[in-house]
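Report on the structure given below.
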Amino acid sequence: MRVWQPGSHLTMQRGAEVEDWSWRRTRRRLATLARLTAPYRTRTVFSIFSLLLATATALAPPFLSKYAIDDGIRRHDLGTLWVIVAAFLLAGLANWGMSYLQTYLTGWVGERILADLRLKLFGHLQRLSLGFFERNRAGVIISRLTNDVEALDQLVTDGVTTLVQSTLTLFGTAILLFVLDWRLALATLAVIPVMSVGTILFRIYSSRAYAAVRERLGLVTATLAEDIAGMRIVQAFTREERNIAHFREVAERYRDANMQTVVLNALYFPFVDLVSSVALAVVLGYGGHLYFQGDVTLGTLFAFLLYVQNFFDPVQQLSQLYSTFLSATAALDKIMDVLDEEPQVLDKPGARELPTIEGHVRFEHVRFGYGEGPDVLPDLDLDVPAGTTVALVGHTGAGKSTIAKLLARFYDPRDGRITFDEHRPAGGVPLRGHGGREHRLRPAGRFG
């Protein structure tokens with residue numbers, strides 16, 4: 001006879017990819033974050049405003065350096081040079097102030113969002129039925145509240161800022177390159193298709209690798225939590241060596257998943273540096289040619305070199321952010337999956353409290369099984385008068401604990417009904433009421 005043990009399927013290795021990149025799923029992710037941000041919208045607006053000013057002041061110095069060289073140094077105009085230097089310093093001070101304000105506000109909002117998310121997730125777990133906790137390992141659930149929320153921490157407190165600022169810097173730099181000289185700008189941006197191909201390949205392989213890291217980290221946490229919690233049983237049955245071997249296997253899988261990300265980063269980021277060096281070489285070569293012909297000034301060429309460096313710095317930062325984004329996306333999906341769980345034992349509207357009962361329990365043709373599994377109790381009839389002591393005897397998996405769980409209404413039966421005190425009107429008090437009679441309090445502690 002097959003013994004059904006709830007949760008035994010969780011020992012199997014599961015897939016780790018973020019499978020749904022559709023716009024519908026992405027919209028749900030954004031909506032979840034937006035709801036968490038809503039209570040702090042004022043500080044969020046000020047954070048965005050300070051971020052825009054910080055980005056604008058960061059783009060100003062290279063442009064000012066062009067006029068410092070062309071209008072101040074080359075013309076020996078000390079007055080103009082001092083004015084530009086003063087503007088240069090003012091831009092630096094403004095950037096410092098706005099960067100401080102933006103960092104403080106982003107951190108303030110981000111930490112409160114994460115605290116609210118932890119409370120929301122924990123509160124939701126309190127409302128779920130026992131079946132959820134028997135289907136999912138305790139360590140995996142703990143990982144949702146710790147590792148996955150920590151992954152979101154890196155995104156909301158730093159990642160979003162880097163994403164917006166780097167994107168604005170990237171497009172702002174591209175616009176200023178064309179303002180300075182469209183020919184040099186086109187020559188510089190000729191390397192973009194090559195970098196785009198590399199970035200697309202990095203995205204494809206990184207999405208799999210970082211999702212695998214999140215999944216393997218959850219398995220490590222789950223294994224540690226269960227082995228430490230069950231240490232008495234482990235030592236009683238001398239399973240120390242076997243548990244060490246099992247944990248070594250789990251840790252090695254986690255290490256291998258991390259090594260895949262190391263290899264990808266080692267290939268991609270030096271590739272971006274190489275593309276940046278090629279772009280600088282193009283500016284020096286072609287820009288020098290235009291300078292010799294008198295088509296560009298020395299100040300323009302100098303500003304171009306600074307802006308080209310500004311152009312590829314955000315690319316590096318966005319590439320590094322991509323790993324954080326992938327980890328946070330995988331973590332957010334797992335958190336959303338938990339929040340999407342609904343209690344299996346639900347009360348109907350207008351349910352009344354369970355009255356004090358004498359203790360006469362009756363199971364009438366009760367049929368029950370865990371999840372989609374086979375019936376553990378195919379057709380149970382049991383009558384236990386009040387004050388009677390009953391011993392349930394049977395092999396492992398026969399349904400002894402299941403009867404107690406049904407009596408406490410941790411689960412509802414698939415068929416049949418459970419009643420108390422059948423001498424009362426309507427054939428007794430139903431645990432799971434029919435015709436809208438459902439009780440909010442479980443019977444534990446309600447016996448007279």
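The values are calculated or read from the model by the stated rules, or taken from the named source; none is laboratory data. As the structure is a computational prediction, the values presented were derived from the model and not from experiment. Every residue, glycine among them, receives a Cβ derived from its backbone with ideal geometry; neighbour counts consider all protein chains shown.
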Tabulated pairs, the range 222-244, first not assigned by TED's automatic domain parsing to the domain that holds VAL140, second surrounded by fewer than 16 Cβ atoms within 10 Å (Cβ to Cβ) and in a helix (DSSP H, G or I), C-beta under 7 angstrom, 6+ apart or interchain: none
From the options ARG127, ARG137, residue that is under 27 Å from GLY218 (Cα atoms), basic (Lys, Arg) and surrounded by fewer than 17 Cβ atoms within 10 Å (Cβ to Cβ): ARG127
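Residues are listed down the side, and each one gets a yes or a no for (1) at pLDDT 85 or above; (2) under 22 Å from ALA330 (Cα atoms):
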{"residue": "GLY218", "(1), (2)": "no, yes"}
{"residue": "ILE233", "(1), (2)": "yes, no"}
{"residue": "TYR254", "(1), (2)": "yes, yes"}
{"residue": "VAL263", "(1), (2)": "yes, yes"}
{"residue": "PHE271", "(1), (2)": "yes, no"}
Test: residue in the range 85-93 that is modelled with pLDDT of 90 or more, of a type in the set (A, V, I, L, M, F, W, C) and crowded, with 19+ Cβ neighbours inside 10 Å: no
Options VAL338, VAL366: the member that is modelled with pLDDT of 80 or more and either crowded, with 20+ Cβ neighbours inside 10 Å or among the basic types (Lys, Arg) (or both): VAL366
Residue in the range 199-208 that is closer than 20 Å to VAL262 by Cα and in contact with an Asp or Glu (Cβ under 8 Å, 6 or more places away or on another chain) present: yes
Test for PHE88: is it in contact with an Asp or Glu (Cβ under 7 Å, 6 or more places away or on another chain) and either assigned to a helix (DSSP H, G or I) or not assigned by TED's automatic domain parsing to the domain that holds ASP148 (or both): no
Helices (runs of 4 or more DSSP H) contained in the range 125-186 and holding at least 1 residues closer than 29 Å to VAL45 by Cβ: 149-154, 160-180
Tally of residues being at positive phi and either at pLDDT 80 or above or loosely packed, with under 12 Cβ neighbours inside 10 Å (or both) across the range 395-416: 2
Check on ARG255, without any contact (Cβ under 8 Å) to a residue 12 or more places away in the chain and either in a helix (DSSP H, G or I) or surrounded by 15 or more Cβ atoms within 10 Å (Cβ to Cβ) (or both): yes
Pairs with Cβ under 7 Å, 6+ apart, first in the range 374-394 and more than 15 Å from ARG362 (Cα to Cα) and in contact (Cβ under 8 Å) with a residue 12 or more places away in the chain, second assigned to a loop (DSSP other than H, G, I, E, B) and small (Gly, Ala, Ser): VAL376/GLY399
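Let's see how each residue does on (1) over 22 Å from the mean Cα position of the chain (by Cα); (2) within 22 Å of LEU52 (Cα to Cα):
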position	(1), (2)
LEU117	no, no
LEU130	yes, no
GLU134	yes, no
ILE141	no, no
ARG144	no, no
VAL149	no, no
ASP158	no, yes
LEU163	no, yes
ILE175	yes, yes
Meets criteria (within 30 Å of ALA225 (Cα to Cα), among the small types (Gly, Ala, Ser) and either buried (at least 17 other Cβ atoms within 10 Å of the Cβ) or without any contact (Cβ under 8 Å) to a residue 40 or more places away in the chain (or both)) for ALA115: yes
Evaluation of MET98 against (1) surrounded by 14 or more Cβ atoms within 10 Å (Cβ to Cβ); (2) over 36 Å from the mean Cα position of the chain (by Cα) (one fails), failing number: (2)
Single condition VAL263 does not satisfy, out of (1) farther than 18 Å from SER206 by Cβ; (2) surrounded by fewer than 14 Cβ atoms within 10 Å (Cβ to Cβ): (1)
